[in-house]
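A short reminder: the numbers here are calculations on the coordinates, not readings from a lab. All of these numbers come straight from a predicted model, not from anything done at the bench. Neighbour counts are summed over all protein chains in view; Cβ atoms, including those assigned to glycine, are modelled from backbone coordinates with ideal geometry.
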Amino acid sequence: MTARLQGRSALVTGSTDGLGVAIAQALAAEGAHVIVTGRNVEGGKRTVGSIEQAGGRATFIAADLGRGAAAIRELAHAAGEAAGGDLDILVNNAALLIDPAPTAEVEEELIDQALRVNVKAAFLLTGLIAPEMAARGSGSVINMGSINGLFGSAHSALYSATKATVHSLTKSWAAEYGPAGVRVNTVAPGPTLTEKISGIQDRLASMIAAMPSRRASTPAEVAAAVVFLASDDASNIHGATLSVDGGRAAI
Ligand SMILES: NC(=O)c1ccc[n+]([C@@H]2O[C@H](COP(=O)([O-])OP(=O)(O)OC[C@H]3O[C@@H](n4cnc5c(N)ncnc54)[C@H](OP(=O)(O)O)[C@@H]3O)[C@@H](O)[C@H]2O)c1
């Protein structure tokens with residue numbers, strides 16, 4: 001364990017599964033007290049257990065980000081309390097991954113749910129936590145974007161739109177909170193080998209063929225980018241998009 005984030009606290013949404021687990025583990029390995037959250041209690045306990053086993057500090061708070069402002073206020077409050085008052089790092093990572101489908105076949109309920117979880121939750125959570133960081137004069141917000149937010153992709157309009165919005169929010173929040181010392185940045189992964197993504201080998205193969213590195217990222221590689229942006233190593237980086245996509249966005 002190194003100590004780039006010793007004494008800091010971090011809230012990582014969507015850390016019960018997938019990439020968020022690796023992000024929570026990596027932040028904790030640098031000394032941060034990590035607040036793990038999501039709906040799945042078993043998943044949350046697993047993430048906390050893995051962090052504690054490695055000698056780190058984590059607390060699980062169950063929350064459904066699709067349930068609107070009251071639930072999100074509750075999460076922000078409970079996370080602040082668990083962190084002993086101050087949250088130094090917020091990672092807006094939770095999202096609904098959406099199976100490809102023609103636009104005309106996407107149901108209204110799915111559109112609403114995707115906007116609620118991928119956009120509205122991050123918007124409300126940041127609106128609750130970033131002003132407190134600003135009042136203290138420091139903090140780091142990291143939004144999980146995607147290469148899908150950077151260019152068009154047939155049958156992925158809904159997911160891509162939510163991710164493009166996240167990229168836009170990063171820039172607006174960098175402008176809004178940066179002058180008060182809060183850095184807001186995006187990590188934009190390409191295909192990353194979580195359990196879920198590893199299960200779609202056919203789609204993965206064509207995505208990987210278009211990547212200069214010719215391989216998907218590991219969750220640890222994406223988590224390392226988050227740790228970098230959360231740490232003082234990124235002390236004058238505001239409003240940036242850090243792609244972890246084997247070069248896909250560059251071509
Ligand atoms: N994996 C990739 O290849 C890839 C590529 C580019 C970008 N990304 C981005 O990386 C982030 C993580 O993706 P992932 O692949 O790790 O996805 P994942 O394996 O599906 O995990 C999603 C996480 O979000 C949480 N979540 C979903 N709906 C929620 C809700 N209503 N309330 C609270 N939490 C909720 C889930 O927790 P619960 O089920 O416990 O609620 C889970 O922890 C996302 O922002 C995604 O867009 C991933």
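Table for the structure above
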item: Long-range amide H partners of Ala58 with built H, under 5 Å; result: Val34
item: Computed lengthening from Ala135 to Asp202, 0.36 nm per intervening residue step minus Cα-Cα distance; result: 19.3 nm
item: In sequence order, calculated HN-Hα J values of the stretch 231-247 (Karplus, 6.51, -1.76, 1.60; Hz; x Gly/Pro); result: 8, 5, 4, 10, 4, 10, 9, 10, x, 8, 10, 9, 7, 10, 9, x, x
item: Nearest-0.05 FRET efficiency for Ser153 and Ala220, computed from C-beta distance (R0 35 Å); result: 0.85
item: Kirkwood Rh, Cα atoms: Rg over Rh of the stretch 2-81; result: 0.97
item: For peptides 65-74, 238-247, 107-116, sequence by mean Cβ density within 10 Å, most packed first; result: 238-247, 65-74, 107-116
item: Alpha carbon convex hull of the stretch 9-243, volume per residue in cubic angstrom; result: 118
item: Candidate lysines for bridging to Lys171, where Cα separation is under 27 Å - those fewer than 8 sequence places away on the same chain excluded; result: Lys120, Lys163
item: Value of [θ]222 nm, deg cm²/dmol, for the chain, DSSP H segments ≥ 4, -39500 (n - 2.57) each, nearest 500; result: -13500 deg cm²/dmol
item: Net length gained if the chain between Ala180 and Glu107 were fully extended (0.36 nm per residue, minus Cα distance); result: 22.2 nm
item: Estimated vicinal HN-Hα couplings, Hz - the stretch 147-164 in sequence order (Karplus 6.51, -1.76, 1.60; Gly, Pro = x); result: 4, 5, x, 9, 8, x, 8, 4, 6, 10, 4, 5, 4, 4, 5, 5, 6, 4
item: Phi-based couplings in Hz for the stretch 55-67 (Karplus 6.51, -1.76, 1.60; Gly and Pro marked x); result: x, x, 10, 8, 9, 9, 10, 6, 7, 9, 6, x, 9
item: Pair-distance profile P(r), taking every C-alpha pair of the stretch 1-137, with 10 angstrom steps and integer %; result: 13, 42, 31, 11, 3
item: Surface/4 of the Cα convex hull for the stretch 151-251, nm²; result: 7.0
item: 11 Å beta-carbon shell around Val187, net charge (K/R +1, D/E -1); result: -2
item: Amide H partners (placed H, <5 Å) of Thr186, local residues excluded; result: Asn143, Ala240, Thr241, Leu242
item: Selection from Gly31, Leu96, Ala210, by position along the positive dipole direction of the stretch 9-243 (Cβ); result: Ala210
